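Report on one structure; see the data block that follows.
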Protein chains: 4
Amino acid sequence: MRALVKERPGKGLVLKDVPAPRPGPRDVLIRVARVGLCGTDAHIYAWNAWAAGRLKPPVVIGHEFAGVIAEVGSEVTGHAPGDTVTAESHIACGVCVQCRTGNAHICRSVRIIGVDIDGAFADFIVMPAANVWKIDSGISMDVAAIHDPLGNAFHTVMSADVRGRSVLVTGCGPIGLFCIGIAKASGASRIFASEVQPARLELARMMGAHQIINPATADLEQVIRSQTDGLGVDVVLEMSGHPRAIRGGLRVVRDGGEVCLLGLPEDEVPLDVSRDIIFKGVTLKGIIGRRMFETWYAMRSYLKAGLLDPRPVITHRFAIDDFEKALEAIHSGAGKVILSMDGGAS
Amino acid sequence: MRALVKERPGKGLVLKDVPAPRPGPRDVLIRVARVGLCGTDAHIYAWNAWAAGRLKPPVVIGHEFAGVIAEVGSEVTGHAPGDTVTAESHIACGVCVQCRTGNAHICRSVRIIGVDIDGAFADFIVMPAANVWKIDSGISMDVAAIHDPLGNAFHTVMSADVRGRSVLVTGCGPIGLFCIGIAKASGASRIFASEVQPARLELARMMGAHQIINPATADLEQVIRSQTDGLGVDVVLEMSGHPRAIRGGLRVVRDGGEVCLLGLPEDEVPLDVSRDIIFKGVTLKGIIGRRMFETWYAMRSYLKAGLLDPRPVITHRFAIDDFEKALEAIHSGAGKVILSMDGGAS
Amino acid sequence: MRALVKERPGKGLVLKDVPAPRPGPRDVLIRVARVGLCGTDAHIYAWNAWAAGRLKPPVVIGHEFAGVIAEVGSEVTGHAPGDTVTAESHIACGVCVQCRTGNAHICRSVRIIGVDIDGAFADFIVMPAANVWKIDSGISMDVAAIHDPLGNAFHTVMSADVRGRSVLVTGCGPIGLFCIGIAKASGASRIFASEVQPARLELARMMGAHQIINPATADLEQVIRSQTDGLGVDVVLEMSGHPRAIRGGLRVVRDGGEVCLLGLPEDEVPLDVSRDIIFKGVTLKGIIGRRMFETWYAMRSYLKAGLLDPRPVITHRFAIDDFEKALEAIHSGAGKVILSMDGGAS
Amino acid sequence: MRALVKERPGKGLVLKDVPAPRPGPRDVLIRVARVGLCGTDAHIYAWNAWAAGRLKPPVVIGHEFAGVIAEVGSEVTGHAPGDTVTAESHIACGVCVQCRTGNAHICRSVRIIGVDIDGAFADFIVMPAANVWKIDSGISMDVAAIHDPLGNAFHTVMSADVRGRSVLVTGCGPIGLFCIGIAKASGASRIFASEVQPARLELARMMGAHQIINPATADLEQVIRSQTDGLGVDVVLEMSGHPRAIRGGLRVVRDGGEVCLLGLPEDEVPLDVSRDIIFKGVTLKGIIGRRMFETWYAMRSYLKAGLLDPRPVITHRFAIDDFEKALEAIHSGAGKVILSMDGGAS
C-alpha cells in the first residue's frame, strides 16, 4: 500500500509502497479515505527538536483521518466492515492511574499514531477497536477526517464556562477556528479572535467571531478593554503557543477569569504570576488531547444537531501525491488542509 | 491613642499618639488587643517598590488584629460592645461585578486596612460592621488576631481537593504552616513541606507534615518522585513566591494535578508551559485574600470543632513598643509574630 | 397613587388610591411603567392556602415590574433619576449565613415585594438601591418588566450543563418557555417540551423546542425513548409543579442525568427513589429565585448579545384597570401577561 | 470446590461442591480467603421481590471478598499468582456511553457477581483482570474482603463536600458506619448518626460520630436543630432506605444543603418537594456502586495513610459452614459479618 513515511532522521518524507498492516483480534483495519494535515506533521517533516527527540523512524506519519472499515478482528463487536469511521489517535494504556480515573487523555504510556507508531497517511491503518469512532450518516468524509483537531477544540471550550461570557481566542489556526464556532454555539456572548494572518482572521469572522484583532497592527489589550467596560474578557482560549499571545491573554483576562492553554510554546515563557494570576484570582488549565470519550460524544452531538459547521475551516484539498504542496499551504495561513487518499473530496 | 504609623515615604515606622477614630453609623469601634505581624508590614517598614507604589503616608499600618468592641454605630445590628472580634481586612466596594457575584475577594476597588487606609496597629480601629467577625468563646485572643492569614490558608486549601491526596506545601511561613494543618484535617494522605529555614521545617512537622524537605540540601523532585511511585504529588500549595518553588512545584505536580499559587513573586517567572502545564493537563489557581465569607465560616467551623490548632505557629510575642525586634524576628525564620496592645498574651 | 391591593383575607383584589411610598437614604423610588402578572398573583387573588398562610393584608401586590427612577435616596450612588430599571424582588437580609456565602436567593429572612411587603402593581414603588437593576438601552420596557421570571429561567438552565445535551422542559408556562430559549442559546442539542395546553406548545416550538409533546394525548416516555436511543434525556427542567411531570421527568432522565425542579407541587409527591434516583445515579436540584447577581449578569449578557429573544412569550397586554381580565388570561393558557401602568406597550 | 449456591427460586441457600471455574485469557483465578455478608445476600436467601425478579438460579452468591491469586490468564499483565486481591464486583460492559464517559458504575449492561453471574462465596472465583484490585501489604485480609461496601461509603462521602461541615448519617449499618469514619477523616466538623439499633449506635460513636440519635426514642429534627443554631445539617448521607429517614433527612438538611441517597427504599416515598427541596434549594444525589476507579484509589489512599480504620465495624466472623448463623447476625443489628473460607481470621 502507499504510505507517507519518515524513513530516517532529518528533513523530509517519502511516499512509498509498504506492506499493509494486519489487524489483531481486537483491532479494526480501516481503508483510509481522507487525512488531515497537522502542524505536528510539518514538524516531523522539518525534523525539529521535538520530532528528533520523540520519533523512531521509520514510521508512517499522520494522525487525523477517516475511512471505511475493511476488516474487524475476531473479538471485535460493535464495528463492521463498511462503517465510516475515524479514531482517537491517542492509544492509551488502559491500566495507569490516569486511564483508570477518567483521564486517559493524559495517560502516562500513551502511544500516538503517526508519531510513536505507524499512522494514517496510508491506504490502510490498523486501530484498536476501542479507539475507533463511528461517523453518523450525514457527516462528510472530510469532516470525519478532522475529528481529532475538532476534538481538541471541543475539549478546550468544554473546559471553560462560556455561557453568556466574553471569550478571546488567541491563534486562529484550524483548532482556534473550531473553538470560535463551538463557543458561539455554546452561548458565548462576545467572541474576540486574534491572529496575525489576515486570511485566518477572515475565517474567524466566518466562524462567528464578533471582533477580529490582528496584534501586528492593533493593540489587543486596548481593543479588548474598550469593549469590556475595562474589565477584560471572561475566558481566554490560547491556541497559538506564542509567548506574546499567552502573556497577552493573561493580561486581558478579567479578574476571576479562566485561561485555557492548548498551543504549545517551544521555550519557557516568562509570566507575571503576581499581577496576572494571583492578584486577579485567575485559573489556568492545560489542555491536551481529547477526553475519552466525553469530548467525542459532545462533538457527535453538536455535529448531529447542526450546532456547528466546521467546513468553512477546510480551505485546501490535495491528493496525497501533492503532500509537499499541502505542507507549504499550512505555512501560508491556510485553514485545515485535507489530503485525499481515495481521490474523493467532500 | 498609640498607633504605629508610616509617616512619610522611606524606611521606618513611628509609634506615636494620634487621635482615635470615630465610628460612622454602620461602623464598629474596636479596642485592639493583639495584632499579627505580616511580611506586608515588613515591606512597608522597608519601603520596597510595592509599598512605595501603593501607600499614601501618613497611614496607620497593620491588618491582622483582634480586640473587643468598644462602640457600635447607630445602624449596626448583630454586634455589641464587649464582643471579642476580628475583621476581614479587605473592605470591598460591594457594587462591582466581582462583589455582586460572590467574588468580593477580588473586588476591583478594594481598600485594605493598614495599606490603603488606617489599620490596626493602634489602640483603636474603626471597621465597617459588615467586615467585623465575632470570635467564639473558647478561641484565644492570639488566635483571633491571626484570622486574616489563617483565612488565606483556608482559602488556599479549600480551593483544591486534598481528600486522600498527596500535597506539597512550598514555603513554610505562617500561612504555609497553617495550610499543612488544614490539609491534614481535611483528609490529605501525605503532606510534603519544603522550606529553607530549618526552624520552620520543624514547625511544619509539628503541624502535621509527613515529610519535610530543605531544597537547599535535598533534591525536591527526587524526594517526591521516590515517595509517589514516580507520579508526583496530586496538589501543590505554593506559599513562598520564590521562582524556584513555583517552578519546582510545577515540575513535581502529577499529570492532571492542581497547583494553587498564593506566594507573590517579585519578578516575572519563566515557566515551561508546554511540559509542565499543557502536556500534563495541570490546573493552576491564583489565590488572593479570603472568600467573603465562605472562608470565614470554614475557619470558624474547623477551630470550633478542634480540627486545627494553629497555636504552634505562633512563635514570638512582643509588646507594641518592641515592634522593631518583632520585625527582626520575622526575618529570622520565625513562625507568626504577635504584638500585644493590651499587655496580655494568650 | 393607584395600587392593586389585597385589602383583607379572602378572594379578590382592589385597585385603589393609596399614598405613594417615600424612599429612605439607601432606597430608590421608581415610577412603575409595566408589570408582569405571575401565577403567584393569581394565588393571592384566589387566596389559596399558601397565600392565606403567608400574606398579612393590606398589601400592594406584584413583584415583576419595570419603570423609571423618579428619585434616589441621599446615600445612593450608581443610580439616577431617569434610569430605566427593574429589580430583584427578593429583599435578602444580607447578614444570614446564606446571604454571606453567595446564596442570598435562599436567605432565611427574605422579604418578597408584593407578598411580604408592598409590591409593584402601583404607580410607584420603593426598592433598596442594592436590588435595583439598570436596564440596557435597546431592551424594551416589556422585557424589562419580566426580568424576574426570566431570571428564574436563567437560574434553572444555568444550574445544569446543557451543552450538546438533550433537554426536556416539562411545563411551558412563561418560565418554561424562557428555559427553552435559553437552553437553545446555550448549546442544547435537542429540546423536548411537554405541556397540556396546545397554545403553549406552539409557543414552545417558537422558542426553539425541537419536539413538543402533549402528555394528555401522547406517551411522554415512549416519545423520548424513541428519540434518544432508549437512553432518556440528559437534563430535565421541571417547571410545572405537577406530580405527573415530576414523576415523568425522573422516569425519562437518563442514568447519570440531572433534574432541576422549579415548579412547586402543592402536595407531597410519591417518588420511586430506588429506581429513578439511586439506581440511575441521578442528581436533583431544587431551584428557587435568582442567584444574586450571577443570574442577572447572565441575563443581561444574553439579552444584550441577542442570544435570546423573550418577546414571543409575551402574549397578552392589558391596562391595569383590566387586571381581572388579565387574571383570566393566565388561566387560559396564555404566555406572559403584561399590565401597563403608563398606557404604553413595548 | 465448595460454593454457597442459590439452587432454585425460593428461600434458602445450599453449601455444596461445584466445579471450580477456569480463567479465560484476560481473567484472574482467585482462591477466596474471606467474604463479607451483605444485605443483598440476605435478600437472595429470603428470595424477596427484587431477588425473584433478577436472579436466574442456579448461581453462586456473594460479591464481597478477598483472596490470593491462584492463576492469571495468558494475556494478563500487572497481576501475578500470590498477590492478595479483592475486586470491583460490578463487571461493566466497557462500551456503553456510561462506561465510555467515566460512569461505569451506572453501566447499562452491568453484571454483578453473586447476582447476575457466579459470585465469591466459593473456594475460587474468576474475575476479569480489569476488575481485580491489588491489596497493599499491611491491610488485613478481613479489611480486604470488605472493600466493596467500604467503596460504597467512599463513593457517598466523596460525592459531597464535608469539609468543616455538619453531617447527618441516617442508618448505621456497615456502610453508614464506614461513612462516619470517612467523613471524620475528611474534615467534617460535627457528625450526627441516627439508627434504631442501640448496638449500631455504639459503633457509630466508636467510628467518630459526635452525636448519636435513636429516632425511636428521640426527635431527630429537634436534636439537630438545637445543635445547629436551628439551621439544620449541611450534608445528609442516607444509608438506610427507610422512608422515614429519607423524609427526616430532607427535613433537617439546611437550606442549600446536600443529600446523598444510597439506602434503597422498597416502595415509593412521598416527598414534600416544594418545602424540602425547592424552597430550600437542596441538591439530592443518587449514589450507586463505586466510581471505577476513583473510589478505589481514594480508598487505598485513606487506608494506607491510616486515615480510617474500618475494623471496628467488623463485629462477627463465621466459618462458611455457619452461613445461616451469619445471616441471622445481620438481622440482629450486627456490624459487618465476615465469613472465612480459609479458616483464618484477620
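Restricting region C:118-157 to residues that are within 21 Å of C:Arg22 (Cβ to Cβ) and open to solvent by 10 Å² or more (accessible area, probe 1.4 Å), the residue that is nearest to the chain's Cα centre (by Cα) is C:Asn131.
Here A:His242 meets each of (1) surrounded by fewer than 23 Cβ atoms within 10 Å (Cβ to Cβ); (2) more than 8 Å from every other protein chain (Cβ to nearest Cβ); (3) within 19 Å of the chain's Cα centre (by Cα); (4) within 27 Å of C:Ser189 (Cβ to Cβ) with one exception, condition (4). Within region B:68-78, how many residues turn out to be crowded, with 20+ Cβ neighbours inside 10 Å and over 25 Å from the mean Cα position of the chain (by Cα)? Residues in region B:68-78 being crowded, with 20+ Cβ neighbours inside 10 Å and over 25 Å from the mean Cα position of the chain (by Cα): 2 in total.
Residue check: B:Pro215 meets all listed conditions (1) touching a Gly at 6+ places or on another chain (Cβ under 8 Å); (2) in a helix (DSSP H, G or I); (3) more than 14 Å from chain D (Cβ to nearest Cβ); (4) open to solvent by 10 Å² or more (accessible area, probe 1.4 Å) but one, namely (2).
Residues in region C:249-264 that are open to solvent by 10 Å² or more (accessible area, probe 1.4 Å) and either closer than 15 Å to C:Asp229 by Cβ or not in a strand (DSSP E or B) (or both): C:Arg251, C:Arg254, C:Asp255, C:Gly256, C:Leu262, C:Leu264. The number of residues in region D:187-207 being within 14 Å of chain B (Cβ to nearest Cβ) and more than 15 Å from B:Leu308 (Cβ to Cβ) comes to 2. Take the conditions (1) among the hydrophobic types (A, V, I, L, M, F, W, C); (2) under 19 Å from the mean Cα position of the chain (by Cα); (3) within 30 Å of B:Leu250 (Cβ to Cβ); B:Ala326 misses just one of them, which is (3).
Got a sec? Which strands (runs of 3 or more DSSP E) wholly within region B:123-186 have at least 1 residues that are within 11 Å of another protein chain (Cβ to nearest Cβ) and closer than 23 Å to B:Arg247 by Cβ? First the steps, then the outcome.
Details: elements: B:124-128, B:132-134, B:166-170.
Passing ranges, in order: B:166-170.
Scanning region B:2-23 for residues that are exposed (fewer than 15 other Cβ atoms within 10 Å of the Cβ) and either among the acidic types (Asp, Glu) or outside any strand (DSSP E or B) (or both) gives B:Glu7, B:Arg8, B:Pro9, B:Gly10, B:Lys11, B:Gly12, B:Asp17, B:Pro19, B:Arg22.
Considered as a group, the residues in region A:88-117 that are surrounded by 20 or more Cβ atoms within 10 Å (Cβ to Cβ) and more than 14 Å from every other protein chain (Cβ to nearest Cβ) include one that is farthest from D:His105 (Cα to Cα), and that residue is A:Gly114.
Please indicate, with yes or no, whether at least one residue in region C:21-34 is under 23 Å from D:Arg275 (Cβ atoms) and either modelled with pLDDT of 95 or more or touching a helix residue (DSSP H, G or I) at 6+ places or on another chain (Cβ under 8 Å) (or both).
Just the residues of region C:21-34 that are under 23 Å from D:Arg275 (Cβ atoms), to begin with: none.
No; the residues of region C:21-34 include none that is under 23 Å from D:Arg275 (Cβ atoms) and either modelled with pLDDT of 95 or more or touching a helix residue (DSSP H, G or I) at 6+ places or on another chain (Cβ under 8 Å) (or both).
The set of residues in region C:218-239 that are under 25 Å from D:Ser109 (Cα atoms), part of a loop (DSSP other than H, G, I, E, B) and open to solvent by less than 30 Å² (accessible area, probe 1.4 Å) comprises C:Thr228, C:Gly230, C:Gly232. When residues in region B:262-276 are screened for being within 22 Å of A:Val97 (Cα to Cα) and touching a helix residue (DSSP H, G or I) at 6+ places or on another chain (Cβ under 7 Å), 1 of them pass.
Look at region D:81-95 and say how many of its residues are in a loop (DSSP other than H, G, I, E, B) and closer than 16 Å to D:Asn131 by Cβ.
Narrowing region D:81-95 to residues in a loop (DSSP other than H, G, I, E, B): D:81-83, D:88-89, D:92-95.
Restricting the remaining residues to those that are closer than 16 Å to D:Asn131 by Cβ gives D:83, D:88-89, D:92-95.
Adding up the residues that qualify gives 7.
Taking the numbered list (1) in a helix (DSSP H, G or I); (2) out of contact with any helix residue (DSSP H, G or I) (no Cβ under 8 Å at 6 or more places or on another chain) in turn, D:Arg108 passes all entries but (1). Scanning region B:46-67 for residues that are within 23 Å of B:Glu266 (Cα to Cα), of a type outside the set (Gly, Ala, Ser) and crowded, with 20+ Cβ neighbours inside 10 Å yields a total of 3.
Residues of region D:158-170 being of a type in the set (A, V, I, L, M, F, W, C) and open to solvent by less than 10 Å² (accessible area, probe 1.4 Å), which ones? First the steps, then the outcome.
First, pick out the residues of region D:158-170 that are of a type in the set (A, V, I, L, M, F, W, C): D:158, D:160, D:162, D:167-169.
Selection gives D:Ala160, D:Val162, D:Val167, D:Leu168, D:Val169.
Would you confirm, using the coordinates I've provided, whether C:Val259 is at the interface with chain D (Cβ under 7 Å from one of its Cβ atoms), modelled with pLDDT of 95 or more and farther than 15 Å from D:Val269 by Cα?
Working: at the interface with chain D (Cβ under 7 Å from one of its Cβ atoms): no; modelled with pLDDT of 95 or more: yes; farther than 15 Å from D:Val269 by Cα: yes.
Taking the combined requirement at face value, the residue does not satisfy it.
Could you say whether any residue in region A:26-44 is away from chain D (no Cβ under 14 Å), in contact with a Phe, Trp or Tyr (Cβ under 8 Å, 6 or more places away or on another chain) and open to solvent by 50 Å² or more (accessible area, probe 1.4 Å)? Yes, region A:26-44 contains a residue that is away from chain D (no Cβ under 14 Å), in contact with a Phe, Trp or Tyr (Cβ under 8 Å, 6 or more places away or on another chain) and open to solvent by 50 Å² or more (accessible area, probe 1.4 Å).
The values are calculated or read from the model by the stated rules, or taken from the named source; none is laboratory data. Quick caveat, the model's predicted, so the values are computed rather than measured. Note that we place each Cβ from the backbone using ideal geometry, even for glycine, and neighbour counts take in every protein chain shown. Surface areas here come from the heavy atoms of the whole protein model, side chains and all, with no ligands, DNA or RNA. Shrake-Rupley method; radii C 1.70, N 1.55, O 1.52, S 1.80 Å.
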